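The values are calculated or read from the model by the stated rules, or taken from the named source; none is laboratory data. Just so it is clear, the structure is predicted and the values come from calculations on it, not from any experiment. FYI the Cβ positions are ideal-geometry reconstructions off the backbone, even for glycines, and counts take in every protein chain you see. In case anyone asks, the SASA skips ligands and DNA or RNA and just uses the protein heavy atoms, side chains included. Shrake-Rupley method; radii C 1.70, N 1.55, O 1.52, S 1.80 Å.
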Amino acid sequence: MPFELPALPYPKDALEPYIDALTMEIHHGKHHQAYVTNLNNALPGSGAENLSIEEICKNISKFSAAIRNNGGGHYNHSLFWQIMAPNAGGIPSGEIADAINRDFGSFDKFKELFIQAGANRFGSGWAWLVVGNDGKLAVGSTPNQDNPLMDISDFKGTPILGMDVWEHAYYLKYQNRRPDYMNAFFNVINWKKVNDLFVSVKK
Ligand code: MN
């Protein structure tokens, strides 16, 4: 039956000093919880009752704005908590590192493009690293709680890394300084998880 808020895979203060505990508490316990609650409230009679969150996203044009906004919010944040970790960041290794070098030229170039995608997203939204239908990595962004799985998205692919650039993700600590938050985010990227996702998408 209904969707549930996944537990954080680490304590709320584990990403300090890059992401502060109060932001994590409110972001996970209030914002993500609200997406889950509102998604569940929008499901009855929608035709999406028995679909996975991925299937809902892939067919999002068939559903209401409430399901688009809250289903996207649930999918996006569920991924977001997983692709961060304490004692993480740095330079990736493994297959994802090879693919980043292959498709962007270097890790530094990837980082530049990813941060640019977040900076250029006016208002609220997400920056993404995806595996495209051609098997190549690509960087882009989506507005609001849309994501690259959605059939209505201009930017498509299977997300393996997402960065929330809504103000609720950073305002308590960074206020209007989105670039400072985005640079700090690179200190908490769980590249092992991103690599696992990349390997599973390729199969
Ligand atoms: Mn958020």
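Could you sort LYS192, LYS202 by accessible area so the largest value comes first, with the probe set to 1.4 Å?
So, going from the largest accessible area down, we get LYS192, LYS202.
Distance distribution note for the chain: the fraction of Cα pairs above 21 angstrom is 50%.
From the helices alone, meaning DSSP H stretches of at least four residues, give me the mean residue ellipticity at 222 nm for the chain, per-run term -39500 (n - 2.57), in deg cm²/dmol to the nearest 500.
On the way: 9 runs with 88 residues, N = 203.
Helix contribution divided over all residues of the chain: -12500 deg cm²/dmol.
If the viscosity is 1.567 mPa s and the temperature 4 °C, what Stokes-Einstein diffusion coefficient in µm²/s follows for segment 52-147 when Rh is the Kirkwood radius over Cα pairs? Approximately 87 µm²/s, per Stokes-Einstein. Phi angles across segment 12-21 convert, under the Karplus curve 6.51 cos²θ - 1.76 cosθ + 1.60 with θ = phi - 60°, into 3J(HN,Hα) values of 5, 9, 5, 9, 4, x, 6, 10, 7, 4 Hz, Gly and Pro given as x. For VAL131, the shell of other residues with beta-carbons less than 15 Å away shows a net charge of +1, using +1 for Lys and Arg and -1 for Asp and Glu.
Looking at segment 45-203, the accessible area is 45 square angstrom per residue; that uses a 1.4 Å probe and ignores ligands, DNA and RNA.
Past the 25 Å Cα-Cα mark, which pairs from LYS62/LYS111; LYS58/LYS136; LYS30/LYS62? Write out the running numbers ahead of the final one.
Details: LYS62/LYS111 35 Å; LYS58/LYS136 19 Å; LYS30/LYS62 27 Å.
Among LYS62/LYS111; LYS58/LYS136; LYS30/LYS62, the Cα-Cα distance tops 25 Å for LYS62/LYS111; LYS30/LYS62.
Placing unit charges on the Cβ atoms only, positive for Lys and Arg and negative for Asp and Glu, gives the chain a dipole magnitude near 180 debye about its Cα centre. Only protein atoms count toward the accessible area here, which uses a 1.4 Å probe; on segment 1-119, the carbon and sulfur part of that area reaches 51 percent.
Sparse packing (at most 16 other Cβ atoms within 10 Å of the Cβ) combined with a DSSP loop state is found for the following GluC sites (Glu not before Pro) in segment 4-87: GLU4, GLU49.
Solvent-accessible surface of protein heavy atoms, probed at 1.4 angstrom with all chains present, puts ARG121, ARG178 in the order ARG121, ARG178, largest first. GNM remark for the chain: springs join alpha carbons under 10 Å apart, and the peak mean-square fluctuation among PHE185, PHE110, PHE122 falls on PHE122.
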